[in-house]
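What follows draws every value from the coordinates through simple rules; no lab data is involved. Quantities reported herein were computed from a predicted structural model and do not represent experimental measurements. In this analysis, Cβ positions are derived from the backbone assuming ideal geometry, glycine residues included, and neighbour counts consider all displayed protein chains.
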Amino acid sequence: MLSYRHAFHAGNPADVLKHCVLVHCLDYLGRKGKPFFAADTHAGAGIYALETPARREEAGGRRAGQEWAGGIGRLLDAAGRPKAAAAGLPLLSRYLEAAAGALPFEGGGPGAAPRYAGSPAIIRSLLSLDQRGKQGRAAFFELHPADFALLAEEFGKGRRFMARQEDGLAALKALLPPPARRGCIFIDPSYELRGDYGAVKTALAGALRRFPSGIYIVWYPLLAGTDKPEKPGREYAAGLLSLYPGNRCLVELRTGPAPERGMYGSGLVIFNPPWTLKAALEESMDTLAALLSDGRGGWDLEWEPR
Ligand code: SAM
């Protein structure tokens, strides 16, 4: 039984990192003006109402969380505009622009709760931006019944988007390779179940065999004091990286020193990252880490081949 609800975490530092990279990869695929495919194996509800001190009540079934204040909130000024430090860096400013642009208009307006665009909203928006009318397709998977209901209501309509209450990792088998032969596979598990780490590795190995040219983005937590036998963190990431000898990278963002227990940051393993991502991360991560950690955190980037 899954109990994780992303609404409590939406817009937190982990979301900022993963969505910065997701936006960059989708923009890169979109540049060629040819259709591409996106799969979001762990989609969540899609759009989240953010809790503010003035709004502690439930908002339309999307129960709000406050972690965004320490995440995307640190990139914005009091008026909700990008802070100068973020505005000057394309990776961060483009993320803020894309995240805002991904929200459907209805429900906005004066007095409305601020909302955060999850990965399905970002994907739908960037697939639809194709100027030449060659639009791509996307598949979204979510197992939690309540989050799936919200996801399906907003993202289950139309021929180009598919939302299923299925195991997103198992679903990759039938989806890959996509007919477009170009695509981004976003794997963002909550790692709630004991077998999740192993399941990601197994699914990824199969997916890379079927679709070796795809861009894959896999999120993982940095956890201290865990008694989990799967050893999340760098060791887990190294196991994933070993699956594929081609272009690959790892980026980690620590929001503080490792505590005795709990999450102190997160990372992404990316296969076939756009070549433009390296410079974008190198110029942005100092600022991102400083904004999200009050100077107590840090970051790492490993790029293979160097
Ligand atoms: N990707 C979302 C975003 O960036 O906005 C957030 C996803 S959240 C971190 C992970 C989600 O995966 C949860 O909503 C959880 O219910 C769902 N989930 C867990 N295991 C799953 C599986 N095997 N297949 C599909 N969804 C799963």
For segment 207-306 the chymotrypsin sites (Phe, Trp or Tyr not before Pro) that pass both the DSSP coil test and the at-most-13 other-Cβ-within-10 Å test are Trp275
Among GluC sites (Glu not before Pro) in segment 185-293, those in a DSSP loop whose Cβ has at most 15 other Cβ atoms within 10 Å are Glu192, Glu260
Shape call for the chain, from the Cα gyration tensor axes a ≥ b ≥ c (a/c under 1.5 means rounded, otherwise prolate when a/b beats b/c, else oblate), comes out rounded
Residues Ser266, Ser125, Ser242, Ser119 in order from fewest to most other beta-carbon atoms within 10 Å are Ser242, Ser125, Ser266, Ser119
Loop-resident trypsin sites (Lys or Arg not before Pro) in segment 122-226 with no more than 16 other Cβ atoms inside 10 Å, DSSP not H/G/I/E/B, are Arg132, Lys134, Lys157, Arg159, Arg160, Arg181, Arg194
Most exposed first, judged by fewest Cβ atoms within 10 angstrom, Thr255, Thr226 run Thr226, Thr255
In nm, the gap between the two label points placed 7 Å beyond Cα toward Cβ at Lys83 and Glu283 is 2.0 nm
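For the chain, list the DSSP H helices whose alpha carbon atoms reach 24 Å or more along the long axis and whose average Kyte-Doolittle value is 0.5 or above?
Helix filter hits for the chain: 13-30, 276-293.
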For the pair Ser93 and Asp27, the simple spin-label estimate (label points 7 Å beyond Cα toward Cβ) gives in nm 1.0 nm
Dividing the surface of the Cα convex hull of segment 153-306 by four yields a projected area in nm² of 10.6 nm²
Taking every alpha carbon pair in segment 234-306 and sorting the distances into 10 angstrom bins from 0 up to the bin holding the longest one, the percent per bin comes out as 19, 47, 29, 5
Across Gly262, Gly233, Gly214, the residue with the highest GNM fluctuation in the chain (Cα network, 10 Å cutoff) is Gly262
Output row, site Arg261, 7 Å Cα→C-beta label point, backbone N cut-off 13 Å, window segment 195-227, residues 224-227
In the structure shown, of Lys83/Lys157; Lys34/Lys278; Lys32/Lys278; Lys32/Lys173; Lys34/Lys83; Lys32/Lys157, the pairs separated by more than 29 angstrom at the C-alpha atoms are Lys83/Lys157; Lys34/Lys83
